[in-house]
Protein chains: 2
Amino acid sequence: MTRRILDLLRYGQPNEPVTIQGWVRTKRDQKSFSFVEVNDGSSLAGLQVVVNDDLPNYAETMKQANTGASVEISGVLVESPAKGQRIELKAHTIKVYGEADAETYPLQKKRHSFEFLRTIGHLRPRTNTLGAVFRVRNACATAIHNFFQERGFLWVHTPLITASDAEGAGELFTVTGLDFEKLPRTDAGEIDFSEDFFGRRAYLTVSGQLEAEIMAMAFTNVYTFGPTFRAENSNTSRHLAEFWMVEPEMAFCELEGNMDLAEAFLKHVFKHVLETCPEDMEFFNLRIDDSVLATAENIINSQFERITYTDAIALLEKADKSFEYPVSWGADLQSEHERYLAEDLFKKPVIVTDYPAAIKAFYMRLNDDGKTVRAMDILAPKIGELVGGSQREERLEVLERRVQECGLPIETLWWYLDLRRYGTVPHAGFGLGFDRLVQFMTGMGNIRDVIPFPRAPREAEF
Amino acid sequence: MTRRILDLLRYGQPNEPVTIQGWVRTKRDQKSFSFVEVNDGSSLAGLQVVVNDDLPNYAETMKQANTGASVEISGVLVESPAKGQRIELKAHTIKVYGEADAETYPLQKKRHSFEFLRTIGHLRPRTNTLGAVFRVRNACATAIHNFFQERGFLWVHTPLITASDAEGAGELFTVTGLDFEKLPRTDAGEIDFSEDFFGRRAYLTVSGQLEAEIMAMAFTNVYTFGPTFRAENSNTSRHLAEFWMVEPEMAFCELEGNMDLAEAFLKHVFKHVLETCPEDMEFFNLRIDDSVLATAENIINSQFERITYTDAIALLEKADKSFEYPVSWGADLQSEHERYLAEDLFKKPVIVTDYPAAIKAFYMRLNDDGKTVRAMDILAPKIGELVGGSQREERLEVLERRVQECGLPIETLWWYLDLRRYGTVPHAGFGLGFDRLVQFMTGMGNIRDVIPFPRAPREAEF
């Protein structure tokens, strides 16, 4: 039976007969033998295979087994005399499934820019860096499911197509089945979306939170983990038009419980990734950003600082540092302020709470001071804002007032208000941008390089 | 600390002091005490609470603690004299968080139709049936992740927004950021999608398979688990416009390996759900469809039959049964044929392989006979088709010919063909409609009742 290379590198013993399958990364022909490094995607490192020239069809096979070729190799494991590897494979038989023409195959040994690699999104997963990214991404996703499932949270699938822009959280993509050449019109001359597939205008969701609240009111603890969308035309290294979000929601939970959960959650995820992908994480630390291991350790080992927005403003006003953006109570914290707090002042993650109501969403619970809400943002050194959450407003009359103050359409929120009408409870939750988490964890400079097929302005290939 | 009710029902011991939080399902006032059944979503059964009239504010509290009200109750567990429950809670203190007006709260004790419940999608998760459905749905999803992760498969996030309709698998939703009132036009007078957000016309995906193949060519074994879309205007009990799909893809794998994996996969998922949600599954068997437990056991305990399409046609032609649709080599199997094979003839799941090329997708591997392809469908008793998959065509020249024969745009498939140009390998995979799996597992009559917020023609509320 075929063995995965990760398994052999970790547990393989000299004299074991094994078969591997994978793709040739490099080949070095020596006088009477060749070194072939084979990778099957299970680990960063490949397995070194030694092919002696007494192998039947040696010359022909070695001509085919170029970089990129797919092979099946059987042989026996032997101790490796080379540095940095415990074992290698002495080949007895080699089968080449598919060649990769050295003239045209784009992934030759030389280094490629990430910009170039994005143009060959169908081949870049075969590179060291992108390979490591997608293994870490998978480990991160697995850690998230495990964390919540172990604690009795239900994974709930909130809808991606939605008729409401209740949150007012930015520009939306329209989803339509209409024929653009024959747009139906109302008598008043407007586009008649009642003729569209859903009988009304439909969008791609920007958050599953409001629907997750519905589910928390029945199952107590739930979380979403799925794609969300933003039609903002921002061509930056930190924005995607399609990205994955994690949004837990807990009934009978106030802001303290929300902070406790978020802190335990982040520690768990970073810890799991360090434990399951140590080679990949070391690779990032060595080749991409030499602070990623320290950042991960800092998150795992620090007790997060907790301060109010008001205290944070006071600290920033006292800071012996000049900021580009002025500091004043009522204004949102800028990235430079967040970094000062987490990196310079506390040197560990900081949870800032109780922001001014005016700069936060309508659903956050109003404090007794009438001007701040039970919001929380988690700021991490080298990262900035990693998590945003809040205790939700559970009082019907306060929520109704906030909806009106924010100028939101109260008629489309009837069901959201009903949750406060029938069996309302204190509840809270947070949101985490999954791709951004992977970006920070790996130190990758551009978020388009942590998702297999990024969607951004003018970018929808593959 | 608060305890979940599932935990108490399973492991709670008499004399333990506990606090629970949840929603009142029923209340029965007796002479000198009341029975209150509280549910927190962790289990089908609630915990029976006995409230004596010597509790401070007894009358007032019992007036508030109507069906639907949210409560926190502390007390001590006692052995229950009642039938069907091991323990109950003797209340010492009760706090009512939120009432639910008995005049207007829609979920009173009487039975409601599933049609009516769909109109209150924000409250229906609080019913017995939908509660059980969403617990089973979560268990099913968890089983899927566990199955693949244990076997070293990477969870890969394939894009939802796509520029290609390569599969030609049905009607697509368009995703656009264009202003419908100011549609840009080319000189030729056509809608100019180069001005749209993605610089071209974009759609919601119908499958992640082609991108999953990219990832399998780097990581060997991968799977997708995410939403997919179909803009078909079919208002049936088995179709959704937005549904979740699972699509594993394996490099160095032929049809045999694909069948082995699919069979092991289905057994694992059904087994996990029976083990983790026994009460919910018994509920479905009792109240919804008295065959669901037998169906699950049949899948878990049978060795799946494997026959070719050609043999299946021969068996159907010999069948002592008259079919509505004629049986003839070359035509697709109808539901009545599939049911005959699985239910009447083999009485267990059947994997039918090697269908005529003409009725299957372009990417399926052509057999040496030149007229059949290495497709497989898994048919299960009472269910019909549960899984569809195939070995993929890995030979460049054969695939190019098939693309042309099927009249597909070869220029948008350049990257898919490249996978056969560079290091191609035999590979295979399958697709499973997740919502349909949950529907069959629970016996629910309408697929709209197994997803929290169904999307279907003229249906996008919540």
Mind listing the phi-derived Karplus ³J(HN,Hα) values for the range B:234-248, rounded to whole Hz, using 6.51, -1.76 and 1.60 with θ = phi - 60°, and x for any glycine or proline? 9, 8, 10, 7, 10, 10, 10, 7, 10, 8, 9, 10, 10, 9, x
Averaged over peptide B:414-420, how many Cβ atoms belonging to another chain are found within 10 Å of each residue's Cβ? 3
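At the nearest 100 Å², what buried accessible area, both sides summed, do you get for A and B when the probe is 1.4 Å? Intermediate values should be presented prior to the final figure.
Numbers: alone 22540 and 22580 Å², together 36290 Å².
Using a 1.4 Å probe on protein heavy atoms, the buried area is about 8800 Å².
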Debye intensity ratio I(q)/I(0), log10, the range B:88-183, q values 0.14 Å⁻¹ (C-alpha model): -0.98
Which value in Å is the Kirkwood Rh of the range A:167-325 over different Cα pairs? 20.6 Å
Might you work out the accessible area of A:Ile288 for me, using a 1.4 Å probe with all protein chains in place, and round it to the nearest 10 Å²? 50 Å²
For B:Glu150 and B:Ser113 in the same chain, what is the full-extension length gain: residue separation times 0.36 nm, less their Cα-Cα distance, in nm? 9.3 nm
For A:His92, list long-range residues whose amide hydrogen, built 1.01 Å from N in the peptide plane, is under 5 Å from its own amide hydrogen. A:Ser74, A:Gly75, A:Val76
Whole Å is fine, so just give me how far the alpha carbon centre of the range B:365-442 lies from that of the range A:328-382. 50 Å
Determine ³J(HN,Hα), in whole Hz, for all residues of the range A:67-73 in sequence, where each value follows from phi through the Karplus function 6.51 cos²θ - 1.76 cosθ + 1.60 and θ = phi - 60°; x replaces Gly and Pro. 3, x, 5, 9, 9, 10, 10
If you average the alpha carbon positions of the range B:233-284 and of the range B:139-210, how far apart do those two centres end up, in angstrom? 23 Å
What is the spin-label model distance, in nm, from A:Gln30 to B:Lys271 if the labels are put 7 Å beyond Cα along the C-beta direction? 4.6 nm
From the label point of A:Glu181, set 7 Å from Cα along Cα→Cβ, how far away are the matching label points in the other copies, in nm, ordered shortest to longest? 2.5
Any chance you could get the radius of gyration and Dmax over the Cα atoms of chain A, in Å? 26.8, 85
Run the accessible area of chain A with a 1.4 Å probe and give the carbon-and-sulfur part as a rounded percent. 47 percent
Along the positive direction of the dipole of the range B:5-105 (beta-carbon charges: Lys, Arg +1; Asp, Glu -1; about the Cα centre), which of B:Val49, B:Ala69, B:Gln13 reaches farthest? B:Gln13
Ignoring ligands, DNA and RNA, the residues of the range B:60-94 whose accessible area with a 1.4 Å probe is reduced by 20 Å² or more relative to the chain alone are B:Ser70
Can you bin every Cα-Cα distance in the range A:5-105 into 5 Å intervals starting at zero and give me the percent of pairs per bin, rounded to whole numbers? 2, 14, 26, 28, 19, 9, 2, 0
Using amide H atoms built in the peptide plane, which far-off residues or other-chain residues are under 5 Å from B:Leu154 H to H? B:Asn221, B:Val222, B:Tyr223
When the Cα centres of the range A:104-128 and the range A:10-39 are compared, how far apart do they sit, in Å? 23 Å
Expressed in angstrom and ordered largest first, the alpha-carbon extents of the range A:237-351 along the principal axes are 44, 42, 34
Förster radius 41 Å - calculated FRET efficiency between A:Trp414 and B:Glu16, Cβ distance, rounded to 0.05: 0.50
Placing each pseudo-label 7 Å from Cα in the direction of the beta carbon, A:Glu79 and A:Asn233 end up separated by a distance in nanometres of 6.6 nm
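Suppose every K and R has +1 on its Cβ and every D and E has -1 on its Cβ; what is the size of the dipole of chain B about the Cα centre, in Debye to the nearest 20? Numbers along the way, then the final one.
Details: 51 positive and 69 negative charges, 311 e Å.
Result for chain B is approximately 1500 debye, rounded to the nearest 20.
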With only alpha-carbon atoms in the gyration tensor, what are the semi-axes of the equivalent ellipsoid for the range A:198-272, in Å, largest first? 26, 20, 9
Can you send over the solvent-accessible area of B:Thr19, 1.4 Å probe, protein chains only, in Å² to the nearest 10? 30 Å²
Kirkwood Rh over alpha-carbon pairs of the protein assembly as shown, then Stokes-Einstein at 20 °C and 1.002 mPa s: what D in µm² s⁻¹, rounded to an integer? 71 µm²/s
Placed amide H near A:Ala456: partners under 5 Å, 5+ positions off or other chain: A:Ala241
Step by step: find N for the range B:150-224, compute 2.2 N^0.38 Å, then divide the Cα radius of gyration by it. What's the final number? 1.45
So how exposed is A:Ser32, as accessible area in Å² (1.4 Å probe, rounded to 10)? 60 Å²
Rounded to the nearest 20 debye, dipole of the protein assembly as shown from Cβ charges on Lys, Arg, Asp, Glu: 1620 debye
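Under Stokes-Einstein, with the Kirkwood radius over Cα pairs standing in for Rh, what whole-number D in µm²/s applies to the range B:75-136 at 37 °C and 0.692 mPa s?
The estimated diffusion coefficient comes to 224 µm²/s.
The values are calculated or read from the model by the stated rules, or taken from the named source; none is laboratory data. On a predicted model such as this, the values are computed, not experimentally measured, just so you know. Because the Cβ atoms are built from the backbone with ideal geometry, glycine has one as well, and the counts that use them run over all protein chains shown. Surface areas here come from the heavy atoms of the whole protein model, side chains and all, with no ligands, DNA or RNA. Shrake-Rupley method; radii C 1.70, N 1.55, O 1.52, S 1.80 Å.
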